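Below you'll find the structure, written out as structure tokens, and then a few comments.
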Amino acid sequence: MTDIQTNDVDEDDIIDTPEQAASVSNAMSSKVEIIGGPPVGASTLEARDACAWFGERLVLEGVNLTMPKGKVTALIGPSGCGKSTFLRLLNRMHELIPGAALDGEIRLDGEDIYATGTRAQQIRMRIGMVFQKPNPFPAMSIQENVLAGLKLARLKCDDKDLLVEQSLIRAGLWKEVRDRLDSPGGALSGGQQQRLCIARSLAVHPNVLLMDEPCSALDPTSTRRVEETIDELRDVVTVVIVTHNMQQAQRVSDFCAFFLAEENQPGFVVEHGATDYIFSTPKDSRTLDYVQGRFG
Ligand SMILES: Nc1ncnc2c1ncn2[C@@H]1O[C@H](COP(=O)(O)OP(=O)(O)OP(=O)(O)O)[C@@H](O)[C@H]1O
Ligand SMILES: [Mg+2]
């Protein structure tokens, strides 16, 4: 078990919560010029024997999962089986929780994100995250929201207008907001706010985007819009999405991993594979029971 003491999120006057800090990928360290050119592109993320603890309690055990480059992987399973914990392992957010510990490896294009000398802030810039509840900075303008991660990371950008436009187009929000980029982010609808958060994550050109139930607070129309956005992002980033909505998992994902925690036992992956397979002929009867709504 690796003990983690790290809490390297520098407080900034506009960050209220660790979630905001992480979702804007607050890399404080280096000045990197990344803007203006094409996005860096999607990466493969791979968990090897990943385990997670809260204090003495093992909550996730032995997760081996490859989330292929440019594909959408859905994480499904009943409440409390460790899906969010697993997502937080994937971008080094788990270590922000006091008493949290982990074991195993998480590899981004083959490189261990926990290797000695690797900075958590830089990893969170390459692996962005969108949360259940949209968390834009409500008083900031739409434009400032998109650029917030960049500003916090102190990244240089030659053409901010272009970056804002590109990010909003990729997030599927441009047409709805292009005439009011100076309006406050808080004035958008919930679904628009969620796409604004996606745009904010995309503005730093991550290789992977993690989404934890991104539509659970949204109405069906906004949900459909976010799903279209996810579909369009395939070429730009690898997406890992947690969802309780089985139809959504079927609609948006290429691959699916079924997590389960039996009573008082740590969560684990029962099986994973192509989404069609998981929803039609999975190997384990518990998988079919779950996806057909017989429990959970
Ligand atoms: N900060 C924390 N401190 C202690 N235990 C935690 C913490 N966060 C989660 N847990 C525990 O870890 C286990 C996994 O929780 P997690 O939130 O990852 O589940 P989940 O699959 O995302 O559930 P849900 O579908 O309800 O969001 C649960 O038993 C939970 O009680
Ligand atoms: Mg969760």
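Normalise the Cα radius of gyration of region 185-226 by 2.2 N^0.38 Å (N = residues in it) and let me know the number.
Relative to the rule-of-thumb radius for its length, region 185-226 sits at 1.16.
Roughly how many debye, to the nearest 20, is the charge dipole of the chain about its Cα centre, given +1 on each Lys and Arg Cβ, -1 on each Asp and Glu Cβ, and no other charges?
500
Which is farthest toward the positive dipole end of the chain among S183, P266, N207, measuring Cα position about the Cα centre, with Cβ charges +1 (Lys, Arg) and -1 (Asp, Glu)?
Selected residue: S183.
Report the percentage of all Cα-Cα pairs in the chain whose separation exceeds 29 Å, rounded to a whole percent. It would help to have the intermediate numbers written out before the result.
On the way: 13390 of 43660 pairs.
In whole percent, the long-distance tail amounts to 31.
With only alpha-carbon atoms in the gyration tensor, what are the semi-axes of the equivalent ellipsoid for region 129-177, in Å, largest first?
Equivalent ellipsoid of region 129-177: 17, 15, 10 Å, largest first.
Given axes a ≥ b ≥ c from the Cα gyration tensor, I'd like to know whether region 100-247 is rounded (a/c under 1.5), prolate (a/b larger than b/c) or oblate.
Oblate, since a/c reaches 1.5 and b/c is not below a/b.
Can you give the extra length, in nm with one decimal, that the chain gains between I97 and K160 once fully stretched, where that is 0.36 nm per residue apart less the Cα-Cα distance?
Here the answer is 19.3 nm.
Going down the list K71/K283; K133/K156; K83/K133; K83/K283; K71/K151, which pairs span over 27 Å between their C-alpha atoms?
K133/K156; K71/K151
Quick check for you: which residues of region 73-101 have the amide N under 12 Å from the point 7 Å beyond the Cα of D284 toward its beta carbon?
Of the residues in region 73-101, 76-78 have backbone N under 12 Å from the label point off D284.
Using a simple charge model, +1 on the beta-carbon of Lys and Arg, -1 on the beta-carbon of Asp and Glu, nothing else, what dipole does region 149-296 show about its Cα centre, in debye to the nearest 20?
400
When the chain is fully extended, how far beyond the present Cα-Cα distance does R180 get from R224, taking 0.36 nm per residue of separation? Walk me through the numbers before you get to the answer.
Working: separation 44, 0.36 × 44 = 15.84 nm, distance 2.31 nm.
The R180-R224 span can extend by a further 13.5 nm.
Evaluate the distance, in nm, between pseudo-label points positioned 7 Å from the Cα of D276 and of A139 along their respective Cα→Cβ axes.
About 5.3 nm, to one decimal.
Give me the Kirkwood hydrodynamic radius of region 32-164 in Å, from all C-alpha pairs, to one decimal place?
Evaluated over region 32-164, this radius sits at 16.7 Å.
Rounded, prolate or oblate, given the Cα gyration tensor of region 250-295, with a/c below 1.5 counting as rounded?
Taking the square roots of the gyration eigenvalues as a ≥ b ≥ c, region 250-295 is prolate.
With the dipole of region 123-180 worked out from charges on the C-beta (+1 for Lys and Arg, -1 for Asp and Glu) around the Cα centre, which of V130, L168, N145 lies farthest toward the positive end?
So the residue furthest toward the plus end is V130.
Run lengths n ≥ 4 of DSSP H only: what is the helix-derived mean residue ellipticity at 222 nm for the chain, with -39500 (n - 2.57) per run over all residues, to the nearest 500?
It comes out at -9000 deg cm²/dmol, rounded to the nearest 500.
A short reminder: the numbers here are calculations on the coordinates, not readings from a lab. This structure is a prediction, so every number in the text was calculated from the model and none was measured. For neighbour counting, all protein chains shown are included, and Cβ atoms are generated from backbone atoms with ideal geometry for every residue, glycine included.
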